[in-house]
Amino acid sequence: MAWGVLRLVLQLLPAALGDAGGEVDEEVRGAMSTFCPHLDEIPDMFTTFWQRLHSAVLQLEREFALDAQAPGYEIRALCVQLAFLRSIVKGQAGLPFPQAVNSCPTLMAIYFEWASGLAERAHQPRRARALMQLGAPLQLMALSRAMMRPGESKQVKDTQSTVSTQYAEKLQKLKGTAPPSVPWLRSKPGSRISRVAVRSLCDANYQGGNLENGTFNVTEKNHRSYAEKWGYDYEMLFRSPLSDQEPQFGKLQVAIDLLGSDDPPDYFFWLDCDALVTNRSISLEDLLETYQLHAAHFVVAEEVSGINSGIFLVKGGAERHGLRFLRAAMTSDWRFVWDQTMLLDQMARDSDLYADDMCYQWRTTGASHDFDWAPHFGVVPQQALNLYGQGSALQWGASAWQRGDFILHLAGCPLVELPCLQAFEEIAQWVEESH
């Protein structure tokens, strides 16, 4: 039954923007006032879109309830909800996806949460977690807007805070599907990578940026010392190649330019400006050996709420698979948390997160399977590549750095703030004294 409703909904939604008539269900009206409290400040087409969209979602939910006792209900409901979600993400529901998200990020995140719940009931916990992770930046956007908007009411702030807390708690409950940390292995003799390019970008020129007017001698010394120990090429850049955008967008372009050159390196390793290599005895060859990443084209650390692209590794060389992935990510319209959400969006598309293939297989053969990141992605635990300071780790429910770990990333602690800078410099000094 739900498949027929879905087809009807998808046919009607694109045309709905031109028709604001009709009665609005009280439940829909309540959702609009609770989760999209400022639609009245933007053109009427956005209110119409969300009213129609949420009415469709509730109709699907009612169909699911009627079908709940039927054989295969769980996987059927999941496939229907994912097809609906996919239509929104692809801009086939009446608005381009960025416009839909920007007009009501809370409801969009809730849709990912609903799909995640259906994945859990269909015994697909890894898909449930990845769906929540993809929606997490949207929830973060909604919370930030509620807290930072001048004159925002206490009711709106409290509502958004509650929704965000519940979202974070659900993500924490799904931690059991995270990649495990394992003891470090030393790479085998003769496994040295011929050419590794290590790059970082510390752009203090961008007005209003979180590195404005900063100096980065400590960062450069730390990165260069690590690269020199292992014979890697290193360069710190002080101006983004995308001068008209925030520096955070520039890192992918830096990687693309180098990997797309006539003589690309075998691997490209990125270190954010607020990252320190704190155990120089661990080589990138050790990373590949320990986590069996030799076939991976893109390596990044996963945390509770998704990935963090402050540190990543891309396979280069003549095949250029990693380059093609980065170029695809650069076209993503998921620019909500800079490059990070662009990369996560492309990873999701490459890995069948929305279950096009899985649901087709289920409809044709009756077989289904849980989600996994595509084989060309190396998704590793934070301990492998990207650990946070104690404060950020506690706030985000993530893993905290300890002495002896490979890399510390002071995400969430801007170096332009004195306490953060002092902590950064003290740890960098400890690294110099202990190595």
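What follows draws every value from the coordinates through simple rules; no lab data is involved. These numbers were taken from a predicted model, which means no experiment stands behind them. With ideal geometry, Cβ positions are generated from the backbone for all residues, glycine too; neighbour counts draw on all protein chains shown.
Couplings for region 326-333, taken from phi via the Karplus curve 6.51 cos²θ - 1.76 cosθ + 1.60 with θ = phi - 60°, read 5, 5, 5, 4, 5, 8, 5, 8 Hz in order; Gly and Pro are left as x.
For region 298-435, the share of DSSP beta bridges that are antiparallel, to the nearest 5, is 45%. Structure remark: mean-square fluctuation, Gaussian network model of the chain, C-alpha springs under 10 Å; the largest value among Asn217, Asn308, Asn279 belongs to Asn217. Of the GluC sites (Glu not before Pro) found in region 253-346, those that fall in a DSSP loop while having at most 15 other beta-carbon atoms within 10 Å are Glu319. Residues whose amide H falls under 5 Å from that of Leu201, counting only those 5 or more places apart or on a different chain, are Leu237, Cys273, with hydrogens built in the peptide plane. Can you give me the C-alpha center-to-center distance between region 259-321 and region 365-435, rounded to a whole angstrom? Region 259-321 and region 365-435 have Cα centres spaced 14 Å from each other.
Over all orientations, region 304-435 has a Cα convex hull whose mean projected area works out to 11.3 square nanometres.
3J(HN,Hα) along region 265-278: x, 5, 9, 10, 10, 9, 10, 4, 5, 9, 10, 10, 7, 10 Hz, from the Karplus curve 6.51 cos²θ - 1.76 cosθ + 1.60 with θ = phi - 60°, whole Hz, x for Gly and Pro. When both bridge partners sit in region 196-434, DSSP labels roughly 45% of those beta bridges antiparallel. For region 2-177, a/c is not less than 1.5, where a ≥ b ≥ c are the root eigenvalues of the C-alpha gyration tensor, and a/b does not top b/c. That puts it in the oblate class. Rounded to the nearest whole Hz, the Karplus-based 3J(HN,Hα) values (6.51 cos²θ - 1.76 cosθ + 1.60, θ = phi - 60°) of region 25-40 follow the sequence 4, 4, 5, 5, 4, x, 5, 4, 6, 7, 9, 10, x, 10, 5, 5, with x at glycine and proline. About the centre of its Cα atoms, the chain shows a dipole size close to 760 debye [charges on the beta carbon of Lys, Arg (+1) and Asp, Glu (-1) only; nearest 20 debye].
Counted over the chain, the DSSP beta bridges are approximately 45% antiparallel. In a simple Cβ point-charge model (Lys, Arg +1; Asp, Glu -1; nothing else charged), region 196-434 has a dipole of about 120 debye relative to its Cα centre. Helix-derived [θ] at 222 nm for the chain: sum -39500 (n - 2.57) over DSSP H runs of at least 4, divide by residue count, nearest 500? Theoretical 222 nm ellipticity from helices: -16500 deg cm²/dmol. For the chain, the pair-distance distribution built from all alpha carbon pairs, in bins 10 Å wide starting at 0, is 4, 20, 29, 25, 15, 7, 1, 0 percent. Between Ser392, Ser261, Ser351, the GNM of the chain built on Cα springs shorter than 10 angstrom shows Ser261 fluctuating the most.
The amide H of Val337, built 1.01 Å from its N in the peptide plane, has Met342 as neighbours under 5 Å, considering only residues 5 or more places off or on other chains. A straight Cα-to-Cα reach below 27 Å connects Lys251 with the lysines Lys90, Lys221, Lys229, Lys315, residues fewer than 8 places away in its own chain not being considered. Is region 376-435 best put as rounded, prolate or oblate by its Cα gyration tensor, with a ≥ b ≥ c the root eigenvalues, rounded for a/c under 1.5, and otherwise prolate when a/b is larger than b/c, oblate when not? Oblate is the answer for region 376-435, as a/c is 1.5 or above yet b/c matches or exceeds a/b.
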